[in-house]
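These notes are about the structure you will find just below.
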Amino acid sequence: MKKNIIIIALIFVVPLVAFWILSSTNSTTAKTNVETPEVQQIEEVAIGKPQVLKFTSTMCLDCQTMNKLFKEVFPNYEDKIVLTEISVQDGKDFTNQQIKKYNITLVPTMIFLDSNNKQVRRVEGAIEKDVLENYLKELK
């Protein structure tokens, strides 16, 4: 009887302790990350060029599909359009600011910005290859 109680306690306690340790580690790194170099790099690269902000997650099947699609299609547009991939799980201040700024509630979400940094299109969910190509062609 005592073994059963100990086993049940361990089944519940060990995951809670692991979650607490991992959560405290992530929140500590999120607070200590200084995002200024990352933000400067994104802004410097995107000056005068259209940009695609791709909000993604590693646990999302549609995101994985879109990642494959972008790897296939985007090389034709690398010199004309800046692609910024933002993983919604990284916990960085920059990521959280972008999620709030663009009101991201679903992944994958792609925000298409023109060369004046004005949003011209928003796509939530996976899309077909030819649709993505058309959106990239229209972006100026």
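Numbers at a glance
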item	result
Flag for Asn117 being farther than 27 Å from Ser23 by Cβ, at pLDDT below 90 and not charged (D, E, K, R)	yes
Qualifying residues in region 120-140 (those that are among the acidic types (Asp, Glu) and more than 21 Å from the chain's Cα centre (by Cα)) - the one nearest to Gln51 (Cα to Cα)	Glu138
Those residues of region 56-72 which are surrounded by 15 or more Cβ atoms within 10 Å (Cβ to Cβ) and either over 13 Å from the mean Cα position of the chain (by Cα) or not polar (S, T, N, Q) (or both), in sequence order	Cys60, Asp62, Cys63, Met66, Leu69, Phe70
Residue in region 27-48 that is outside any loop (DSSP other than H, G, I, E, B) and at pLDDT 75 or above present	no
From Leu53, Leu106, residue being closer than 25 Å to Leu22 by Cα and either surrounded by 14 or more Cβ atoms within 10 Å (Cβ to Cβ) or at pLDDT below 95 (or both)	Leu106
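Residues checked against (1) outside any loop (DSSP other than H, G, I, E, B); (2) among the polar types (S, T, N, Q); (3) touching a residue at least 24 places away in the same chain (Cβ under 8 Å):
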site	(1), (2), (3)
Leu83	yes, no, yes
Gly91	no, no, yes
Thr95	yes, yes, no
Ile99	yes, no, yes
Thr105	no, yes, no
Phe112	yes, no, yes
Ala126	no, no, yes
Glu133	yes, no, yes
Lys137	yes, no, no
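The values are calculated or read from the model by the stated rules, or taken from the named source; none is laboratory data. Owing to the predicted nature of the structure, the values given are computational and were not obtained by experimental measurement. Quick reminder, even Gly has a Cβ in these numbers, built from the backbone with ideal geometry, and neighbours come from all protein chains shown.
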